[in-house]
Amino acid sequence: MRSSYFAQDDKLSKKEDSLNLQNNSLAGVGVENGSSVAVKTANGRSPKAMLQSVFREDRFFLVLSVFIGVFSGLAVVCFRFAIGWCRLYLLGSGVVLSRSRLLLAPTLAGLVIAALVIHFFPRTRGSGVNQTKAALFIYNGHIPVRTAIGKFITAALAIGSGQSLGPEDPSLQIGATLASVLGRQMRLSRDRMRLIAPVGAAAGLAAAFNAPISAVLFVIEEVIGRWTAGILGSVVLSAVSSVVVMRWFLGSESLFRIPVVQLQKPSELIAYSVLGVVGGVASVMFSMGIATLRPRCKALPLWTQYFQPALAGLLIGIIAMLGAPQIMGAGYEAMDEAMHGRFTWQFLALLAGLKIVATLLSFVSGTPGGMFAPTLFVGAMLGAAVGGAEHALLPHLNVSPGTYALVGMGVLFAGFLRAPMTSVFMVLEVSGNYSIIVPVIVANTFAYVISRGLQPIAIFDLLTRQDGLELPSMEEQREEGVLHVEDAMRPVNVPVLDGQETVDAALAEAETSAADNLLVRLNPDGWGCVTRLELRALAAEEQGGSSLSSLASSSLASDSTSIGPIPVLHPDHPLEMALRYVDRWPVVPVVSRADFRQLEGVITERDVLERYREFGEG
Amino acid sequence: MLGLLAVLVVIFFTAVTGLSRAYQAQRQSLGSRWFSRGVVDLQARRFDSAITEFRSALLYSRDNYAYQLNLAEALIGLKRTGEASSYLVNLWDRQPEDGLVNLELARIAVQKGQTEQALRYYHNAIYAAWSTDQEDRRRDARLELIDFLLSTNTRAQAQAELIALEENLGDDPTQQERVGDLFLRTQDYEHALGAYRLSLKAERDNGAALAGAGLAAFQLGRYPQAQRYLQTAIAENAGNALIAERLKTTELVLAMDPFRRQISVAQRHKIVVEAFDTAGKRLQACSAARGAALPTATQTSLGNSWAKMKPRMTEGELRRDPDLVEAGMDLVFEIERETSATCGNPVGADEALLLIAKLHEAS
């Protein structure tokens with residue numbers, strides 16, 4: 001019932017779109033002014049149609065987004081409880097952990113996790129971001145419910161036992177799975193189903209991060225890859241509702257106590273640039289470690305996969321036992337302490353290095369868990385280390401390690417996860433202080449450029465390719481060049497006739513021209529196109545005395561002629577817009593936006609195809 | 001369908017609420033347990049253990065005010081002021097009117113040499129809210145501020161703070177004595193003497209207050225009063241070298257002052273002759289001490305004046321010409337001033353003469 005309702009509504013919607021396109025095409029403005037046509041068609045409907053319009057699928061989708069947010073928020077709250085309990089019962093309740101627990105907890109938990117992943121939840125490996133992208137681009141939004149259950153159990157066990165992974169990416173995947181399940185139950189159309197996983201992902205990530213803006217940006221930037229009004233509303237609604245639920249149960253405190261942010265002298269930006277460079281290099285090392293080790297671990301015999309998480313856990317336990325227990329788990333407490341000047345800069349640098357090693361071990365072993373928290377950890381430690389070193393070298397500068405740690409988090413986010421926009425807003429949202437924006441942008445730019453230069457493939461794309469999938473690269477999409485009409489148009493090389501001219505006069509001019517097609521500047525505005533053959537036919541039908549404009553407006557021309565009006569393009573229109581017209585009209589005028597009667601050039605199907613071919617050849 | 005979803009939301013919400021209560025109760029209990037252990041260790045000054053325990057408590061309630069404040073205190077106990085400072089600044093952001101937080105921040109600022117910050121936090125602490133014994137805590141904060149001001153030689157500001165403090169001090173003799181000491185350090189001897197006298201009203205035999213009062217009276221040039229206080233003080237504490245030395249000087253001043261009342265003319269003349277001789281010896285010693293360096297023009301002039309007046313400076317001559325007493329003592333005072341400027345502070349009789357000179361210069 002629901003399915004047929006939406007199918008009918010889809011047809012109606014498509015019809016409206018078609019009318020809209022036609023109308024806009026004739027006006028020469030593409031699809032920019034669509035709403036007026038939609039209102040006109042809705043006005044003529046019956047009450048039942050009006051009711052159907054109110055509960056159209058896109059509006060229902062918005063309501064559903066709120067429910068997705070609520071369910072995701074509840075799931076993430078439970079996930080946090082589960083991690084807390086695992087940590088408590090596996091590692092103990094204090095900050096000083098016994099040696100036996102440090103070694104045994106991650107090792108034994110690793111064995112259990114491996115068995116669960118291999119036998120029950122094979123799709124729960126890794127972080128979960130790529131699985132959500134795969135749901136969007138490959139599986140039409142379908143994610144099995146078992147994935148959420150498996151992710152919940154295995155990631156809670158892994159993080160709680162001290163594996164160096166974070167809860168954000170699993171939360172993202174849990175949210176996406178819940179959304180997918182709800183979408184299937186609601187029998188949404190295929191288009192909507194595809195988009196529902198990112199909506200859930202935003203909800204899960206927002207609740208885990210307690211940062212709705214960053215979550216929305218991340219999902220748009222890294223999962224969906226494009227800004228569309230249709231999805232943005234749903235993503236925002238789900239993210240906000242999940243954060244509200246999370247705060248209801250866990251309070252509104254941020255992940256760490258935010259230090260007093262200080263930027264005392266503009267010259268400090270030099271130090272932040274250094275932090276950006278250091279962060280960029282660290283990001284590359286981190287990425288290359290995964291690029292090198294993950295395929296090798298996957299290539300090992302199957303039986304070794306039972307022991308890989310346990311071995312990773314054992315090695316992490318040994319690192320912790322040797323004096324760096326801070327690297328275990330998500331590490332938010334250690335980040336908090338680093339921000340508040342607990343450690344020396346040398347120890348902070350050591351912690352950053354050890355965390356990279358520990359996270360590599362956990363991640364490449366196939367243990368389910370996220371990369372966000374470790375990335376933030378490494379960034380915070382590197383940032384505080386750079387700040388501390390600067391203070392040691394220049395003691396007269398009153399350096400705040402907390403500010404450097406915050407900026408460092410953004411740096412690694414930009415360099416390692418390659419989400420530059422999210423990285424800036426994440427720091428702003430977490431710190432709640434806009435005076436930090438300049439250092440963040442400066443440092444992030446350095447990190448991003450260095451990381452992009454030394455490691456051309458972004459980490460999520462790398463993981464996708466290692467898994468044998470071919471998902472669209474958001475980074476490549478962002479940086480992809482866009483062709484415009486002006487790149488393909490040619491100077492006006494066809495005769496341009498005035499609409500006042502008679503058919504006979506136009507034919508006389510056409511007979512002297514080598515071009516088969518002639519453009520007609522219609523009165524009072526608009527453009528038309530006519531061929532020499534059409535002019536001959538009109539003259540033969542004794543229309544030789546009629547003006548071209550009158551023939552265009554009154555449609556007196558015979559079926560074989562089509563004087564106009566025809567659509568026009570502007571030089572800044574994307575080239576793909578030209579594709580809509582060039583197959584129907586042999587030549588399309590390109591006019592100035594300031595004066596529609598002023599011809600800038602013309603474009604034909606051949607021009608467009610040749611430009612695309614040249615672009616494809618690089 | 002939406003109705004069903006709403007029902008599901010209510011069901012899950014209820015379930016998670018139950019789960020949340022159990023979770024939060026457990027965390028609260030764990031946090032309280034670690035905190036209690038930390039407080040015990042903090043009181044026993046086992047700062048290392050206390051820090052670990054407070055950190056463990058913070059695992060379960062990261063924003064808990066008491067946990068953070070106690071952790072900061074434990075960190076201060078281990079002299080990890082940088083780390084403590086960050087916790088305190090966070091707490092200050094949350095409750096800028098907290099007296100203890102302000103006081104601890106002021107102490108850290110003092111250690112870092114951040115005078116302006118220290119003054120700001122001390123003043124905040126003085127006017128802040130304190131959970132217990134508010135007046136006492138405020139007074140202690142002000143006393144600490146005064147100590148700090150004196151250590152930075154900001155005497156005028158310290159004096160202003162002391163006057164403000166004195167108004168709200170009450171009759172506690174110990175506090176009055178402490179305030180007297182501080183006034184003495186600010187060189188506000190009048191207020192110092194007043195504070196010591198208030199202290200002595202309650203405790204007549206308070207040796208420290210007696211000594212302080214004696215020193216204050218001495219500085220004010222009230223030598224008879226100083227003598228009384230110092231004599232009583234030395235009786236209470238015979239081993240105090242400073243008091244003994246001040247008493248000796250006081251007695252010399254009283255004995256060598258020819259202008260004091262209740263002495264006979266003959267005694268006055270005898271004192272003047274002795275003072276003249278003492279000043280002459282001081283001038284000679286000072287010139288000799290300068291060695292190869294030439295005596296100053298003033299010294300030469302004073303030497304000539306002294307030599308010219310010396311034959312007339314006898315008791316008989318003084319009897320015949322009473323104006324000579326004044327002229328002779330003027331020369332003595334001038335010699336003592338000049339020699340103390342060129343040859344350093346005098347001791348013994350010369351010091352007494354210099355003090356008498358100052359006394360009569362003032363009058």
Residue hits (region B:173-218; in a loop (DSSP other than H, G, I, E, B) and surrounded by fewer than 20 Cβ atoms within 10 Å (Cβ to Cβ)) are B:Gln187, B:Glu203, B:Arg204, B:Asp205
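Condition check ((1) touching a residue at least 12 places away in the same chain (Cβ under 8 Å); (2) within 13 Å of A:Asn130 (Cβ to Cβ); (3) surrounded by 20 or more Cβ atoms within 10 Å (Cβ to Cβ)) across all residues:
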{"residue": "A:Phe460", "(1), (2), (3)": "yes, yes, yes"}
{"residue": "A:Val482", "(1), (2), (3)": "yes, no, no"}
{"residue": "A:Arg490", "(1), (2), (3)": "yes, no, no"}
{"residue": "A:Gly499", "(1), (2), (3)": "yes, no, yes"}
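This table checks each residue for (1) outside the structural domain of A:Leu97 (by TED's automatic domain parsing); (2) within 29 Å of A:Arg80 (Cβ to Cβ); (3) modelled with pLDDT under 90.
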position: A:Leu300; (1), (2), (3): yes, no, no
position: A:Ala320; (1), (2), (3): yes, yes, no
position: A:Val378; (1), (2), (3): yes, yes, no
position: A:Thr403; (1), (2), (3): yes, yes, yes
Lone qualifier among B:Arg55, B:Arg45 - being over 21 Å from B:Ala125 (Cβ atoms) and not in a helix (DSSP H, G or I): B:Arg45
Would you please name the residue that is modelled with the highest pLDDT, looking only at residues in region A:549-566 that are closer than 14 Å to A:Asn517 by Cβ and touching a helix residue (DSSP H, G or I) at 6+ places or on another chain (Cβ under 6 Å)? A:Ile563
Among (1) within 14 Å of chain B (Cβ to nearest Cβ); (2) more than 30 Å from A:Met321 (Cα to Cα) - the single one A:His119 does not satisfy: (1)
Set A:Val223, A:Val261, A:Val236, A:Val216: member being at pLDDT below 95, more than 29 Å from A:Arg465 (Cβ to Cβ) and either in contact with a strand residue (DSSP E or B) (Cβ under 6 Å, 6 or more places away or on another chain) or not in a loop (DSSP other than H, G, I, E, B) (or both): A:Val236
Does at least one position in region A:427-437 carry a residue that is within 21 Å of the chain's Cα centre (by Cα) and either surrounded by 24 or more Cβ atoms within 10 Å (Cβ to Cβ) or aromatic (Phe, Trp, Tyr) (or both)? yes
Kindly establish whether A:Ala201 is buried (at least 24 other Cβ atoms within 10 Å of the Cβ), touching a residue at least 40 places away in the same chain (Cβ under 8 Å), of a type outside the set (S, T, N, Q) and under 15 Å from A:Phe372 (Cα atoms). yes
Is one or more of the residues making up region B:2-24 part of a helix (DSSP H, G or I), more than 10 Å from chain A (Cβ to nearest Cβ) and surrounded by 12 or more Cβ atoms within 10 Å (Cβ to Cβ)? no
Unique residue being over 21 Å from A:Ala206 (Cβ atoms) and not charged (D, E, K, R) when the list is A:Val424, A:Val430, A:Val438: A:Val438
Exactly one of these conditions fails for A:Phe121: (1) at pLDDT 80 or above; (2) surrounded by 22 or more Cβ atoms within 10 Å (Cβ to Cβ); (3) closer than 20 Å to A:Ser362 by Cβ. Give me its number. (2)
Determine whether B:Tyr122 is aromatic (Phe, Trp, Tyr), part of a helix (DSSP H, G or I), surrounded by 19 or more Cβ atoms within 10 Å (Cβ to Cβ) and away from every other protein chain (no Cβ under 12 Å). yes
Suppose we filter B:Gly170, B:Gly221 for residues that are in a loop (DSSP other than H, G, I, E, B), touching a residue at least 60 places away in the same chain (Cβ under 8 Å), of a type outside the set (D, E, K, R) and surrounded by fewer than 21 Cβ atoms within 10 Å (Cβ to Cβ); which single one remains? B:Gly221
Looking only at helices (runs of 4 or more DSSP H) that fall completely inside region A:415-518, which ones have 1 or more residues that are among the small types (Gly, Ala, Ser)? A:420-431, A:437-454, A:485-488, A:503-512
Picking from A:Gly323, A:Gly329, A:Gly279, which residue would you name as being of a type in the set (Gly, Ala, Ser), within 14 Å of another protein chain (Cβ to nearest Cβ), out of contact with any His (no Cβ under 8 Å at 6 or more places or on another chain) and within 30 Å of B:Ser85 (Cβ to Cβ)? A:Gly329
Meets criteria (surrounded by 22 or more Cβ atoms within 10 Å (Cβ to Cβ) and part of a helix (DSSP H, G or I)) for A:Glu534: yes
The lone exception for B:Thr81 - which of (1) away from chain A (no Cβ under 13 Å); (2) within 21 Å of A:Phe256 (Cα to Cα) it fails: (1)
Where a residue in region B:85-103 is more than 7 Å from chain A (Cβ to nearest Cβ) and its partner, wherever it lies, is of a type in the set (D, E, K, R) and assigned to a helix (DSSP H, G or I), with Cβ under 6 Å and at least six apart: B:Leu88/B:Glu104; B:Gly99/B:Arg137
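Each row is one residue, and each column tells you yes or no for (1) within 27 Å of the chain's Cα centre (by Cα); (2) in a helix (DSSP H, G or I); (3) away from chain B (no Cβ under 14 Å); (4) not aromatic (Phe, Trp, Tyr).
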{"site": "A:Trp227", "(1), (2), (3), (4)": "yes, no, yes, no"}
{"site": "A:Ile231", "(1), (2), (3), (4)": "yes, yes, yes, yes"}
{"site": "A:Ser242", "(1), (2), (3), (4)": "yes, yes, no, yes"}
{"site": "A:Met246", "(1), (2), (3), (4)": "yes, yes, no, yes"}
{"site": "A:Lys265", "(1), (2), (3), (4)": "no, no, yes, yes"}
Taking the condition of being among the small types (Gly, Ala, Ser), crowded, with 24+ Cβ neighbours inside 10 Å and away from chain B (no Cβ under 13 Å), how many residues in region A:332-355 meet it? 1
How about region A:509-542: which of its residues are farther than 17 Å from A:Leu599 by Cα and touching a strand residue (DSSP E or B) at 6+ places or on another chain (Cβ under 6 Å)? A:Ala510, A:Asp516, A:Thr531
When you scan region A:361-377, do you find a residue that is farther than 30 Å from A:Phe121 by Cα, in contact with a helix residue (DSSP H, G or I) (Cβ under 6 Å, 6 or more places away or on another chain) and not aromatic (Phe, Trp, Tyr), even just one? no
Would you please name the residue that is nearest to A:Glu429 (Cα to Cα), looking only at residues in region A:223-239 that are out of contact with any Leu (no Cβ under 8 Å at 6 or more places or on another chain) and surrounded by fewer than 20 Cβ atoms within 10 Å (Cβ to Cβ)? A:Leu232
Mind listing whichever residues of region B:47-97 are farther than 20 Å from A:Leu255 by Cβ, of a type in the set (S, T, N, Q) and in contact with a Phe, Trp or Tyr (Cβ under 8 Å, 6 or more places away or on another chain)? B:Asn70, B:Gln95
Provide a single number: the residues in region A:63-96 that are β-branched (Val, Ile, Thr), at the interface with chain B (Cβ under 9 Å from one of its Cβ atoms) and within 19 Å of A:Met246 (Cβ to Cβ). 2
Candidate set from region B:66-91 (those that are charged (D, E, K, R) and more than 27 Å from the chain's Cα centre (by Cα)); member that is farthest from A:His340 (Cα to Cα): B:Arg80
In region B:28-66, which residue that is at the interface with another protein chain (Cβ under 9 Å from one of its Cβ atoms) and of a type in the set (Lys, Arg) is surrounded by the fewest Cβ atoms within 10 Å (Cβ to Cβ)? B:Arg33
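The values are calculated or read from the model by the stated rules, or taken from the named source; none is laboratory data. In this text the structure is predicted, and so the values were computed from the model without any measurement. Ideal geometry is used to build each Cβ from the backbone, glycine not excepted, and the neighbour counts take in all protein chains shown.
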